[in-house]
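Working notes for the structure below.
The values are calculated or read from the model by the stated rules, or taken from the named source; none is laboratory data. All values derive from a computational prediction rather than experimental measurement. In this analysis, Cβ positions are derived from the backbone assuming ideal geometry, glycine residues included, and neighbour counts consider all displayed protein chains. The accessibility values were calculated without ligands, DNA or RNA, using every heavy atom of the protein model including side chains. Shrake-Rupley method; radii C 1.70, N 1.55, O 1.52, S 1.80 Å.
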2 protein chains.
Amino acid sequence: MREVFHDELQQITDDLVGMSSSVRVAIQRGTEALLRGDVKLAEQVIDEDRGIDDLRTILDAHAVDLLARQSPVATDLRTIVTSMRMSADLERMGDLARHVAKLTRLRFPDIAVPEPIQPIVREMNQICLRIVDQVGTCLRTQDLDVVEDLERIDDELDELHRRLYEQLVDGHWEHGTESAVDMALLGRYYERFGDHGVSVARRVRYLVTGEEFQDRDD
Amino acid sequence: MREVFHDELQQITDDLVGMSSSVRVAIQRGTEALLRGDVKLAEQVIDEDRGIDDLRTILDAHAVDLLARQSPVATDLRTIVTSMRMSADLERMGDLARHVAKLTRLRFPDIAVPEPIQPIVREMNQICLRIVDQVGTCLRTQDLDVVEDLERIDDELDELHRRLYEQLVDGHWEHGTESAVDMALLGRYYERFGDHGVSVARRVRYLVTGEEFQDRDD
């Protein structure tokens, strides 16, 4: 019985790792679509977000079912409850990738990101990919060094976000107000994507150490 | 035993209603601070958000403790798990009110909201107050008419958000790019505040009917 339970907990962890892989594909393709003005790829990312939502629904149903059947306590209970919070973070990361993709569609056939801003968006995407890779790793390994590494990477993302913002408001913006608003919201999507990645990692640390934390959003 | 359990579930509902009251104060005062450029009031809202975070922590700990002690199944289990999702929504609403307050501080001694935009921000705040009042009511009463009413109110908020956005991008914006970016993010804070309110209400409906739903964010 105990072994079956352990397998089921492992299944939930595997499903979280699977969600992180789907989210990785979503932000990667969403950014690619955005920078190329590829509305077909954008539509695909938007459609596939439903799949990520479904992964969360299935994972959460499994977690609730485990609670009902096994009446876990202590560490097992904490693990199951925390996994539902992680699935919420990952689902939200998928939503944010969908928002990136939707901006492509909104500005089609134009490309939403002005050329001078493209390098910074590309960099934000790269950092988001590193974040989501590390999320997968720390879900699998519970390695706390990875959690700390992830917080440092997220600081880099915040710094890029500040640089993007500076370009919008330094008085030399030449791409109109609509585009400035687009870029401000876009920057926030990537920033929030990183925040939710950090949240997942901190939840892993909480499972290992019992250390409480607040969600990041400053 | 059963009666004690019922009292504890009632306590969790009361705590959710209490969170909704705190969130109401936060968005009301955050908006007041913003429109008056009242940095002292803004600081207060920012500080008090920690209290809302603490309410969530306490509520969630109580919920986990109930799961451990009572091993609930079926409706009781669903109620407890759902209450933790509601506390997450309400906590996030508090964060969004804090963001409104932080914009006051960022632009002080200037007033962040240009005069022509103030009426629409006032209206968005009013709608957010109606939303959070209805959230409290539907938590208390589980009245599904209130849930539907809430979705209609949130549509009004989305319409206001669209009107705000139109003013930023219609080509007649005279308040600079920085201010346009501020107003775009501000509009998003109120919109997301409403979305989370709707989520809480839909979770109430889910508890009554078992009907699944997706979070609102389009």
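Summary of values
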| quantity | calculated |
| --- | --- |
| Residue within the range B:197-214 that is under 21 Å from residue B:32 (Cα atoms) and more than 18 Å from the chain's Cα centre (by Cα) present | no |
| Number of positions in the range B:175-191 that are open to solvent by 20 Å² or more (accessible area, probe 1.4 Å) and within 10 Å of another protein chain (Cβ to nearest Cβ) | 6 |
| Residue selected from the range A:151-170 under the condition within 14 Å of chain B (Cβ to nearest Cβ) and out of contact with any helix residue (DSSP H, G or I) (no Cβ under 7 Å at 6 or more places or on another chain), by the criterion most open to solvent (accessible area, probe 1.4 Å) | A:162 |
| Only listed residue being among the basic types (Lys, Arg), more than 30 Å from residue A:61 (Cα to Cα), within 14 Å of chain A (Cβ to nearest Cβ) and in contact with a helix residue (DSSP H, G or I) (Cβ under 7 Å, 6 or more places away or on another chain), chosen from B:85, B:105 | B:105 |
